[in-house]
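To start, the structure under review is shown below, and the notes come after it.
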Amino acid sequence: MDSMTDSTRHAGRWTLEDRFASAWHYLPVEVGTGAAGLRVELEYDRAGGAVLDLGCLAPAGFRGWSGGARGSFVIGRDAATPGYLPGEIEAGTWQVAIGVHRVPPDGVPYLVTAEVIQSGADLRLPPAAAAPPAPASRPQQRALPASEGRRWLAGDLHTHTVHSDGVLTVSELAVLAVERGLDFIAITDHNTISHHSELPAAASRYGITLVPGQEVTTDYGHAGALGDIGWVDFRGQPDDWLDATEAAGGLLSVNHPFAGEVSWVHPMRRRPPLLEVWHWSWLDPRWTTPLSWWQAWDPAAIPVGGSDWHRSGSDAPPGRPTTWVQCTGTEPGDVVDGLRAGLVAISAERDGPVLLRHDGDLVAAGADGLILAGPQGPCARVRTDLARLPGTAGPHRLLDASGGTVALTP
């Protein structure tokens, strides 16, 4: 202890029995009146594959989550580590939240040190990164046939920043998305909404729609909560996430339901309205696994796509795949409304072939030479760069010569 901080230490060993009891455990920290901030550090032995997640709850509720991406955080009145919410440092019992994610058979020893900081000068938060300049130019928007008063916006509904386990700031990600010709992206950091406060300014600065989002993340599946709906408590059940998202006017998507160890295995009483049918992990477009999962889970679910961007080399870049949404405007709520109405199409690339519905027809853009496939299989050849084809019911796809999917529409 020194004159400017009051330190609390928790040490022990998390065991498999602790994980069986609960995925989340809480270590109390008493905070007195007038504190300027809280600094927490988690140390543990990562040998044997141990993974512990880190977060924080204040007396008034959620204050942040960084999962396994960080081993420490600082929360102050005016600033905080990405993933955490700055604001009043309430007096009372705070909780350091520990997610017991992976535990080796002999357990994992840990040490948590929490310091209540009395002076703002002692927060020692690094300065915020300078916002990059806006790109000097951007790719021209594609003009696709749309209903009167609407236009098709190209975007990505699944991206991450430094507020969880990504490497780019909100501004840096916005610039990258603009450079790739996208009109919108949803920023869906894991189990936190600390990035939401940065979105309006970055959207205005770079001329792109930034949709607030949160990837509700657990061992048994991830879900994308889209819209300006506040924090969704990931410690509840998926039906609770769906109820909370709907009550606040947002939309919930099952993310990458067929993606290795992060596949969706949660049971649910009801089905969310959206399903991330096309995720970067669809490595071979000839595979029909995503389509079979969609039809088995809920054929009525609105299909969407997401790159799951974190960093270069680990996933696909933003817009691969591209989700197209037919919108009346360019506000985040307009994108959510277009999704809710099912006015959606997905393409492998922003500048690649697109298949969409317009005035009762199917329209294939940039698809000369491709094959149209419906619910019963291949049904027509596309012979022009902008072709109108009979708009029969059910999901349709554009296939290349190998049978790989390059675009789809519900």
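For the reader, a short list of remarks on this structure follows.
- Residue match in the stretch 34-41 (condition: exposed (fewer than 14 other Cβ atoms within 10 Å of the Cβ), on the phi > 0 side of the Ramachandran plot and of a type in the set (Gly, Ala, Ser)): yes
- Test: residue in the stretch 87-94 that is open to solvent by 50 Å² or more (accessible area, probe 1.4 Å), over 18 Å from residue 193 (Cα atoms) and modelled with pLDDT of 95 or more: yes
- When the residues of the stretch 17-33 are filtered to those that are farther than 17 Å from residue 92 by Cα and within 29 Å of the chain's Cα centre (by Cα), the one that is most open to solvent (accessible area, probe 1.4 Å) is 20.
- Candidates 373, 345, 296, filtered to the one that is hydrophobic (A, V, I, L, M, F, W, C), open to solvent by 30 Å² or more (accessible area, probe 1.4 Å), modelled with pLDDT of 95 or more and not in a loop (DSSP other than H, G, I, E, B): 296
- Selection of the stretch 136-190 for residues being open to solvent by 40 Å² or more (accessible area, probe 1.4 Å) and touching a helix residue (DSSP H, G or I) at 6+ places or on another chain (Cβ under 6 Å) yields only 138.
- Residues in the stretch 217-236 that are touching a residue at least 24 places away in the same chain (Cβ under 8 Å) and closer than 19 Å to residue 265 by Cα: 12 in all.
- Just so you know, in the stretch 42-76 the residues that are more than 16 Å from residue 115 (Cα to Cα) and acidic (Asp, Glu) include one that is least open to solvent (accessible area, probe 1.4 Å), and it is 53.
- Screening the stretch 232-249 for residues that are part of a loop (DSSP other than H, G, I, E, B) and aliphatic (A, V, I, L, M) and picking the one that is most open to solvent (accessible area, probe 1.4 Å) gives 248.
- Residue within the stretch 254-265 that is modelled with pLDDT of 95 or more, more than 18 Å from residue 335 (Cα to Cα), open to solvent by 30 Å² or more (accessible area, probe 1.4 Å) and under 20 Å from the mean Cα position of the chain (by Cα) present: yes
- One residue from 128, 146 being within 25 Å of residue 204 (Cβ to Cβ), free of Cβ contacts under 8 Å to residues at least 60 places away in the same chain and assigned to a loop (DSSP other than H, G, I, E, B): 128
The values are calculated or read from the model by the stated rules, or taken from the named source; none is laboratory data. Please read these numbers as outputs of a predicted model, since none were measured by experiment. A quick note on method: Cβ atoms are made from the backbone with ideal geometry, for glycine too, and the neighbour counts reach across all protein chains shown. With ligands, DNA and RNA removed, areas are computed over all heavy atoms of the protein, side chains included. Shrake-Rupley method; radii C 1.70, N 1.55, O 1.52, S 1.80 Å.
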